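Encoded as structure tokens, the structure appears first; notes follow it.
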Amino acid sequence: MSQPEFAQSFDAQDWAAAFCDRFTIIRVEDEELMDEGLMIGWFANAIMRGWDEHERRISYEQWLEVGTKHKFCSEPVCNTHNGLPSTEEEDAMWEDGGDPCVPAVRLYP
């Protein structure tokens, strides 16, 4: 059995629209107590909570793989023996007598 199109989406608007298409909107004295806007908020929070849980469970190795793949960080290096990696622009600044700031984060695997 194939999943409905909205089930493939990470967009809360898609989930809210599908929910409202399937269920009756609650009204009291002509005032909507549950509308698509409320459902967008509900599903957005649920989707983000799922992402947060995924992020909490990710291993150091997975985190490092994602970070290096997307160039958020370098491969781990030994600062004592190899020094920190630098860009060509930073190297040129050093050669010209500049003092480039090289932000660093120490990794604790």
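For a distance above 23 Å, tell me the whole-number percent of Cα pairs in the chain that qualify. Intermediate values should be presented prior to the final figure.
Numbers: 3437 of 5886 pairs.
That tail contains 58 percent of the Cα-Cα pairs.
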### Message
Only four residue types carry charge here, +1 at the Cβ of Lys and Arg and -1 at the Cβ of Asp and Glu. Report the dipole size of the chain about the Cα centre in Debye, rounded to the nearest 20.
### Response
620 debye
### Query
For segment 5-57, what is one quarter of the convex hull surface built on the Cα atoms, given in nm²?
4.0 nm²
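None of the figures in this text is laboratory data; all of them are computed from the coordinates on show. Predicted model only: the values in this text are computed from it and were never measured. Here the Cβ is made from the backbone with ideal geometry for all residues, glycine too, and neighbour counts use every protein chain on show.
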